[in-house]
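Asks: First the structure, then my questions, so here it is.
The values are calculated or read from the model by the stated rules, or taken from the named source; none is laboratory data. Just so it is clear, the model here is predicted, and its values are computed rather than measured. Every residue, glycine as well, gets a Cβ built from its backbone with ideal geometry; the counts of neighbours run over all protein chains shown.
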Amino acid sequence: MYGICVVAFSTSSWFGLSVVLMALTGVTHVSSHALVQTVIQTYSPSEFRGRTMAIFQMSHVMLTVGSMLIGSLAWVVGARWAVALMGTAGALAMLAIYWALPHARSIR
């Protein structure tokens, strides 16, 4: 949903719809982040939980790399297309993970 909301936002030319889509994007982002943290903490042995979460937090470096990538892409193709392409890439990556790791669907 996160990637789909981002792509829909990038194609929206109406301000009201854009605000609603940004709110949905925020909700899906927070929900997915909370879900990932919950799964990591649930499946990590208690003696390694702190280390596991430290490594998870280090993944924020990828946000910096992604920001540089989307900024460069926006410079080349424009902001609207850059957001649409990155949202599409994110949604396709999640679909690939969904199909490639069927056992991940059974994590409760």
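Asks: List, please: which pairs have Cβ atoms under 8 Å, are six or more places apart or on different chains, and start with a residue in the range 97-108 that is under 20 Å from Gly3 (Cβ atoms) and end with one that is modelled with pLDDT of 85 or more?
Replies: Pairs found: Ala104/Ile97; Ala104/Tyr98; Arg105/Tyr98.
Asks: Moving on to the next point. Hey, among Ser12, Ser46, which residue is under 21 Å from Thr88 (Cα atoms) and of a type in the set (S, T, N, Q)?
Replies: Ser12
Residues are listed down the side, and each one gets a yes or a no for (1) in contact (Cβ under 8 Å) with a residue 60 or more places away in the chain; (2) touching a helix residue (DSSP H, G or I) at 6+ places or on another chain (Cβ under 9 Å); (3) closer than 20 Å to Met1 by Cβ:
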| position | (1), (2), (3) |
| --- | --- |
| Phe48 | no, no, no |
| Val76 | no, yes, no |
| Leu85 | no, yes, yes |
| Ala91 | yes, yes, yes |
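Asks: Oh, and also: Quick check on my filter: what residues within the range 1-41 are of a type in the set (S, T, N, Q) and either free of Cβ contacts under 8 Å to residues at least 40 places away in the same chain or more than 17 Å from Arg80 (Cα to Cα) (or both)?
Replies: Scanning the range 1-41 gives Ser12, Ser13, Ser18, Thr25, Thr28, Ser31, Ser32, Gln37, Thr38, Gln41.
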